[in-house]
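Undergrad: This is the structure I have questions about; it appears just below.
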Amino acid sequence: MKRTLDIGVLLSRSGMYAALAYASRLGVLQGVAEVNADRTLDVAFRVVERDPEGRLDRYAPLCREILRDSQARHIFGCITSASRKEVIPELERFGGVLWYPVPYEGFEASEHVAYMHACPNQHLIPLLDWALPSLGKRAYFVGSNYIWGWEMARIARERVAAAAGDVLGDRYIAVGDTDLDHIIQEIRALKPNFILNSLVGDSSYAFLARLAELKREAGFESGLTVLSCNFTECEVESAGRAAEGLVSAGPWFEPEGGSGGSFHEIARQSVHELAKLLHGRPGADVLPLSELVQSAAGSGHTPRLDPTNLHARQPAIIARLLNGRFHEIKRLPPLAADPYLTRQFEASHDHPLLKVVS
Amino acid sequence: MTGIRTENLGGATAWILHRPHPSVQGLIRQLGVIGLVVREAWPELPAEAIGADFIFYDADMGHDEQFPWAAGQSPMPMIALIGSEAPGRLRWAMEMGAHAQLLKPMSDKGVYAALLVARSNFDRAKSSDAIITDLQNRLSARQTVVRAVMIFVMQGKTEAEAYDLLRQTAMAWRVTIETAAERLVANHSNERGNDDGRRIDLA
């Protein structure tokens, strides 16, 4: 017999990043349906959902509402780092856990968050370690003007500098802004080997469209490869043909050409992971997350999360978008997360960046 | 390749000077997550703590004798763990040389920021100290420079000529103006010592 437990869902169905939240939301709901249909698991989930509508101020009150008014202790959701930071105080107050299923910039390890996707040592660093020797050392960064864009550029700058490369430019535009003339002009003048694109949503699609125009000009047919750690299959339709050739890094890409990408898949896997952690252990849903993970070892399930930093071990896959599908270029075996980039910073690349010159 | 490691915290050693207490658990956990090696001590820091990269110390029950160095003289960044905000306790924590602080009970928040702020403040204080020492040396050297200029003036040069001569001398000897002045003054004193009798005769 299954016991039924409430779980929360806190994903926006409208607003700036609705396309991403939509993919994550479908992943959660698919995961719930699969768990509920799985007779080998003794838990079933009932979804308690709130829609923040992409408005930052709504996350904390709605998170509180779920934790206060329902039995749910585990909430799946949040896309932006800002919204994640908003809900953490509520999780602390009510003893809740956020299952966060999208990539982020690292430098956090809350005891109330299950970081299920990837952080920079699992996406950005492997991506640059592939790009610098393969594409060239002239880099250009463009990002949305908030923590994701800033921190990705900062880490990338360190990495490019260590490889004796040049950062030709580093530009930010407001979230949602599509006025890109100055950036395109700069790229035309500087001709970088690659562009790290940390723009989100409409800004990103507008940028890709303008860059595709530039690439049709004489002399720009090669180079200008776009790299991203946040572009997945769930944005292919919005970006259209202009995204062709983009190289992305992430823990999972659609093998059959689906449209949800890792935003969908990791959300789905997160629901399964919680079900496995709770299987055969009535009452375990109220345990602190680290205890839930640590004590699961005895029940025969190997948890996806590191019991100390509560980040998932993930492979780093680098893939290129061709004809609307990501094709794998390189795959690193599952790497432990290093959210503060203090451990095994070197483990993710296979040739040393410094060579002895004789 | 340490240069590319973000802030170089991996493998750094932090000592926590606090009696065993649940309020410290969050700090120990978070330091481990960040990648530091954590050592605990109470009631005194052992001498080997001198080699630590960071010290976290209890501001509530702490006192000067717990540290193997004088107040404010720690050879590494120090982070005060503050429970009571009574002015007396805060003053002691500052006098010990807090480069940053954390409030009790310590959680997963603020630890990384405290490490970076403490190291930045420590580094700034250290470089300021070095600049101050250098300026003090130069200040005391100024008197010597004036005396060296006066030697040339006594030999009939104008003040401007005297300064120029001192500058040329320093260049010729490939030393700083201060060092050149010191040598000139020393030589002059020696000559004067030998000449003293004759000068008196002349007078």
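Undergrad: What full-extension length gain, to one decimal in nm, is calculated for B:Lys157 and B:Gln73 as 0.36 nm per residue of separation minus the Cα-Cα distance?
TA: 25.4 nm
Undergrad: Also, quick follow-up: For chain A, what does the relative contact order come out to in percent, with C-alpha contacts under 8 Å and a separation of six or more?
TA: Relative contact order for chain A comes out at 20 percent.
Undergrad: So what's the net charge close to A:Ile173: Lys and Arg +1, Asp and Glu -1, counting the other residues with Cβ under 13 Å from its Cβ?
TA: -4
Undergrad: Using 0.36 nm per residue, how much length does the chain from A:Glu237 to A:Leu190 gain when fully extended, once their Cα-Cα distance is taken away?
TA: 14.0 nm
Undergrad: Let me ask another. What does the charge count around A:Gly240 come to, taking other residues whose C-beta lies under 13 Å from its C-beta (Lys +1, Arg +1, Asp -1, Glu -1)?
TA: Local charge sum for A:Gly240: -3.
Undergrad: Can you figure out the FRET efficiency of A:Ser259 with A:Arg55, using R₀ = 22 Å and their beta-carbon distance, to the nearest 0.05? Present the calculation step by step, with values, prior to reporting the outcome.
TA: Numbers: r = 26 Å, r/R0 = 1.17.
According to the calculation, E is roughly 0.30.
Undergrad: Let me ask something else about it. Taking the Cα centroid of region B:18-52 and of region A:266-305, what is the distance between the two, rounded to the nearest whole Å?
TA: Region B:18-52 and region A:266-305 have Cα centres spaced 30 Å from each other.
Undergrad: With label points built 7 Å along Cα→Cβ from the Cα atoms of B:Glu40 and B:Ala141, find their separation and express it in nm.
TA: Computed distance between label sites B:Glu40 and B:Ala141 equals 5.1 nm.
Undergrad: I would also like to ask the following. Rounding to the nearest 10 and keeping the result within 0 to 90°, find how far the Cα-based axis of helix A:181-190 lies from the longest principal axis of chain A.
TA: Helix A:181-190 and the main axis of chain A meet at about 60 degrees.
Undergrad: Set the Förster radius R0 to 45 Å, insert the Cβ-Cβ distance between A:Ala174 and B:Glu178 as r into 1/(1 + (r/R0)^6), and round the FRET efficiency to 0.05. Could you put the intermediate results ahead of the total?
TA: Working: r = 55 Å, r/R0 = 1.21.
Once the sixth-power term is evaluated, E becomes 0.25.
Undergrad: Around B:Ala71, with a cut-off of 13 angstrom between Cβ atoms, what is the net charge of the other residues, counting Lys and Arg +1 and Asp and Glu -1?
TA: Result for the local shell: -2.
Undergrad: Alpha carbon centre of region A:65-91 versus region A:1-61: separation in Å?
TA: 12 Å
Undergrad: Now a separate question. Could you check the spin-label model distance between B:Lys126 and A:Thr40? Points 7 Å from the Cα along Cα→Cβ, value in nm.
TA: Reported label-point gap for B:Lys126 and A:Thr40 is 5.6 nm.
Undergrad: Between 0 and 90 degrees, rounded to the nearest ten: what's the tilt of helix A:147-162 against the longest Cα principal axis of chain A?
TA: Approximately 50 degrees, to the nearest 10.
Undergrad: Sticking with this one: Among the DSSP beta bridges whose two residues both lie in the protein assembly as shown, what percent are antiparallel, rounded to the nearest 5?
TA: Of those bridges, close to 20 percent are antiparallel.
Undergrad: Working from Cα positions, state the angle (0 to 90°, nearest 10) between the long axis of helix B:111-154 and the longest principal axis of chain B.
TA: Result, in degrees: 10.
Undergrad: Taking the highest mean first, how do the peptides A:28-36, A:88-96, B:43-51, A:116-124 order by number of other beta carbon atoms within 10 angstrom per residue?
TA: Going from most to least packed, we get A:116-124, A:28-36, A:88-96, B:43-51.
Undergrad: Inside 10 Å of the C-beta atoms of B:29-39, what's the mean count of C-beta atoms belonging to other chains?
TA: Per-residue shielding by partner chains comes out at 4.
Undergrad: Which distance in nm do the two modelled labels at A:Arg68 and B:Arg91 give, with both placed 7 Å along the Cα-to-Cβ direction?
TA: If labels sit at A:Arg68 and B:Arg91, their model points lie 4.3 nm apart.
Undergrad: Taking the Cα centre as origin and putting +1 on Lys and Arg beta-carbons and -1 on Asp and Glu beta-carbons, what dipole magnitude results for region B:2-109, to the nearest 20 debye?
TA: The dipole magnitude comes to about 320 debye.
Undergrad: Taking the Cβ-Cβ separation of A:Arg157 and A:Gln294 as r and a Förster radius of 30 Å, what is the calculated FRET efficiency to the nearest 0.05? Working shown, then result.
TA: Working: r = 37 Å, r/R0 = 1.23.
Between A:Arg157 and A:Gln294 the formula returns 0.20.
Undergrad: Give the average, rounded to an integer, of partner chain Cβ atoms located within 10 angstrom of each Cβ in A:111-122.
TA: Counting other chains' Cβ atoms within 10 Å and averaging over A:111-122 gives 1.
Undergrad: Give me a single rounded figure for A:332-340: the average over its residues of other chain Cβ atoms within 10 Å of their Cβ.
TA: 2
Undergrad: With a ≥ b ≥ c the root eigenvalues of the C-alpha gyration tensor of the protein assembly as shown, is it rounded (a/c under 1.5), prolate (a/b larger than b/c) or oblate?
TA: Judged from the Cα gyration tensor, the protein assembly as shown comes out oblate (a/c at least 1.5, b/c at or above a/b).
Taken together, the values in this text are just the output of simple stated rules run on the coordinates, not laboratory data. From a predicted model like this one, the values you see are computed outputs, not experimental measurements. Glycine gets a Cβ as well: all are built from the backbone with ideal geometry, and neighbour counts include every protein chain shown.
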